[in-house]
Amino acid sequence: MGMWLHCKVTPSKKPFSHVMPGTTALTFGMLGCDYHCPYCQNWLTSQAMRDPASDVSVDFIREMTPQKMVQLAQSTKASVVVSSYNEPLITSEWAVEIFKEAKANGLMCAYVSNGNNTPEVMKYIAPYLDAYKIDLKCMSEKNYRKLGGTLQNTLDGIKRAREAGLWVEVVTLVIPVSMIQIKSCGMPRDSSPSNLWIFRGM
Ligand code: SF4
């Protein structure tokens, strides 16, 4: 028995572009994140136990078994079960319990993550995962530190996910305020292909 805070059924384009397109995904989330991004859309769940304003989130916790979660996926004709909304890496034990049941029933399993993983957690989750989406938030170590992580470990995390044989999609969210900050931090001097591509699109 585990506790799940957020559960939603959506077309599986979200957040993957190339995993079972046109089908449906069941996405669940729990509490907590190792980052504290100021623009977090899911701050109510991700910042639980860190930001007192998010304490209300515990009122919405529901108990759910892996079996019930898979039944829900089947009843909504979902083809993919996704751990997202909070940072799935820090609640991997619960996600793996669901994924074991999901895989036994022929469903694909995926993570939507900040990519701040370790070799140990990748070894633990990879047997149960098919796809792994990673937010590459920027290409600045300084800005990553402000969010609570490091750029290098995210880049290493992307590499680890690929080496584990997972389908990996890397996404950079364009957040106007954040991008302005990146501009003022000297982004034009960072001519990495991803930064230039984002810049041209703004
Ligand atoms: S890593 Fe994701 S879930 Fe965590 S605070 Fe940042 S945006 Fe929110």
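Examine the range 96-106 for a residue that is among the β-branched types (Val, Ile, Thr) and under 20 Å from LYS137 (Cα atoms), and state whether such a residue exists.
no
Out of the residues in the range 44-89 meeting the condition of being of a type in the set (Asp, Glu) and over 18 Å from the mean Cα position of the chain (by Cα), tell me which one is nearest to ALA126 (Cα to Cα).
Once the filter is applied, the top-ranked residue is GLU63.
For VAL56, indicate whether it is of a type outside the set (Phe, Trp, Tyr), under 25 Å from ASP135 (Cα atoms) and either assigned to a helix (DSSP H, G or I) or touching a Cys at 6+ places or on another chain (Cβ under 9 Å) (or both).
For VAL56, the condition - of a type outside the set (Phe, Trp, Tyr), under 25 Å from ASP135 (Cα atoms) and either assigned to a helix (DSSP H, G or I) or touching a Cys at 6+ places or on another chain (Cβ under 9 Å) (or both) - is not met.
Does VAL170 satisfy the criteria of being in a strand (DSSP E or B), surrounded by fewer than 17 Cβ atoms within 10 Å (Cβ to Cβ) and touching a residue at least 24 places away in the same chain (Cβ under 8 Å)?
For VAL170, the condition - in a strand (DSSP E or B), surrounded by fewer than 17 Cβ atoms within 10 Å (Cβ to Cβ) and touching a residue at least 24 places away in the same chain (Cβ under 8 Å) - is met.
Can you pull out every residue in the range 102-113 that is more than 16 Å from the ligand (Cβ to nearest atom) and crowded, with 20+ Cβ neighbours inside 10 Å?
The answer is ALA102, LEU107, MET108, CYS109.
None of the figures in this text is laboratory data; all of them are computed from the coordinates on show. What you see is a predicted model, and the numbers here were worked out from it, not measured in a lab. Here the Cβ is made from the backbone with ideal geometry for all residues, glycine too, and neighbour counts use every protein chain on show.
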